[in-house]
Amino acid sequence: MAQDALIRDARVYTVAAAGTLEDADVLVRDGRIAAIGAGLPAPAGVPVIEAHGRALTPGLFGGLTQIGLEEVELEPSTVDAELELQAPAWQHHWRPEFDVTRAFNPRSALVPVARIEGVTWTMLAPTGEHSLIAGQGAAVTLDGRFDAVLDGSRTLFVNWGSAALAGSGGSRAAQYMLFDQAIREVREPATAGEGALLLPEGRTALKAYLAGGRVIFRVHRAADIRSVIAYAKRQGMKPVIAGGDEAWLVAKELAAANVPVILDSLDNLPANFDRLGARLDNAALLQQAGVRIAFSHDDSRQSRKNRQLAGNAAAHGLSRDAALAAITANAAEIFGLGAGHGRIEPGQVADLVLWSGDPLEVTTVADQVWIEGRPVEMRSRQTELRDRYLERLKSSQAAR
């Protein structure tokens, strides 16, 4: 499992200032990109992969997922993404110290399923609507290692808007009221008496996010997005919007506040009253306004479809370069990983994907994936089942 390789004669989508390079070579040494150019010599002992003009992209972002946290939805022993709080909203404790990365299983069957489709990293996200604060998550690499968390990516997840009414007594106004109480308990611990929202561990955890920490707010309605941006900034948080079906309506405000949006480009129906303004060109309108965007699919088992979201956004006005950036470089920047991930340029981690065709076309497949320069075994539970039953079918047909 070498960390060195020379990929020769590829169409290299650098997702960087160099743009797309035709007939280019990429040299990988010690798991990082060492050089890019034409006619690079192959160092002694370094494997050479002939791309024959095929597309080479950075490894893809899998979105906000529960990969490695949820194996079988109806089997409780395999579900670790949610902290279930049974008390009423006005009685239970908030638990921002709840950290799902501690339960990550790199041997999950979902890891290779995503990986062989070009997804090399994902953001672990806690779920649940029992509390405004769902908990903490972080980005993980999907190469199968146990110490998979990527440094600098830790993030707090907060539910907001109508999706969080159950955890706030049925009112958006109460969401601000409760958050004000929690923040006061952090900044004035003496006020955390009987009926406190936070335990000592929770106050410590939340304090870090009130000092410039990254906080993802799951919210759709334009009015809520606008209000939560101002509130988060005022309280010292670094907000990111997840969902944002109506984000295009406040695109200028998002751009001015430098707040990114992680969205599903296929959301175009008014699924509820928070999402009446959903439209297929949401991503294009946000990008045109100067908002950094990334894509995420709701179903962790379908994280490979993040590429499909990018392709559909490109079909509805988003430039192809911007669409690819939304599942590579933009996502890395949003989660504090831009210095080492998301692009193909010297010094970056060698997370790479060699494609059979256009990377934004759904008929294209990943021919080979590398994570930190190591070639991934292009096999998963799905390919094993396919091959098993395909061979039985062939045998049956031959017998007839």
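The values are calculated or read from the model by the stated rules, or taken from the named source; none is laboratory data. Note that the coordinates shown come from a computational prediction; the quantities given were computed from them, not determined experimentally. Ideal geometry is used to build each Cβ from the backbone, glycine not excepted, and the neighbour counts take in all protein chains shown. Just so you know, the surface numbers come from the protein's heavy atoms only, side chains and all, with ligands and any DNA or RNA stripped out. Shrake-Rupley method; radii C 1.70, N 1.55, O 1.52, S 1.80 Å.
Helix 222-234 and the long axis of the chain differ in direction by around 80°, with both axes built from C-alpha atoms. Between residue 280 and residue 255, take the C-beta separation as r, use R0 = 22 Å, and let me know the FRET efficiency to the nearest 0.05. For R0 = 22 Å, the calculated efficiency reads 0.60.
Over the chain, accessible surface divided per residue gives 44 Å², non-protein components excluded, 1.4 Å probe. With the simple spin-label model, which puts each label point 7 Å out from Cα in the Cβ direction, the residue 288 to residue 50 separation comes to 4.6 nm. Note on residue 392 and residue 339: the extension gain reaches 14.3 nm, defined as 0.36 nm multiplied by sequence separation minus the Cα-Cα distance. Net length available on complete extension from residue 180 to residue 230 is 16.6 nm, with 0.36 nm assigned per residue and the Cα-Cα distance removed. Surface composition of the chain: carbon and sulfur make up 50 percent of the accessible area, probe 1.4 Å. The stretch between residue 30 and residue 268 holds 81.3 nm of extra length on full extension. This uses 0.36 nm per residue minus the Cα-Cα distance. Secondary structure note: in the chain, about 55% of the DSSP beta bridges are antiparallel. Report the far tail of the P(r) of the range 193-308, meaning the percent of Cα-Cα pairs longer than 21 Å. Distances greater than 21 Å cover 43 percent of the Cα pairs.
Restricting to Cα pairs below 8 Å that are 6+ residues apart, what does the relative contact order work out to for the chain? Please round to a whole percent. Result for the chain is 20 percent.
Helix 381-399 and the longest principal axis of the C-alpha atoms of the chain enclose an angle of approximately 50°. Going by the alpha-carbon gyration tensor, a ≥ b ≥ c the square roots of its eigenvalues, is the range 143-227 rounded (a/c under 1.5) or, if a/c is not under 1.5, prolate (a/b greater than b/c) versus oblate? Since a/c reaches 1.5 but b/c is at least a/b, the shape of the range 143-227 is classed as oblate.
So how tilted is helix 172-187 from the main axis of the chain? Cα-based, degrees 0 to 90, rounded to 10. That helix lies at roughly 90 degrees to the long axis. Based on the Kirkwood radius over alpha-carbon pairs, what value in µm²/s does the Stokes-Einstein equation return for the translational diffusion coefficient of the chain at 37 °C and 0.692 mPa s? Translational diffusion coefficient: 148 µm²/s.
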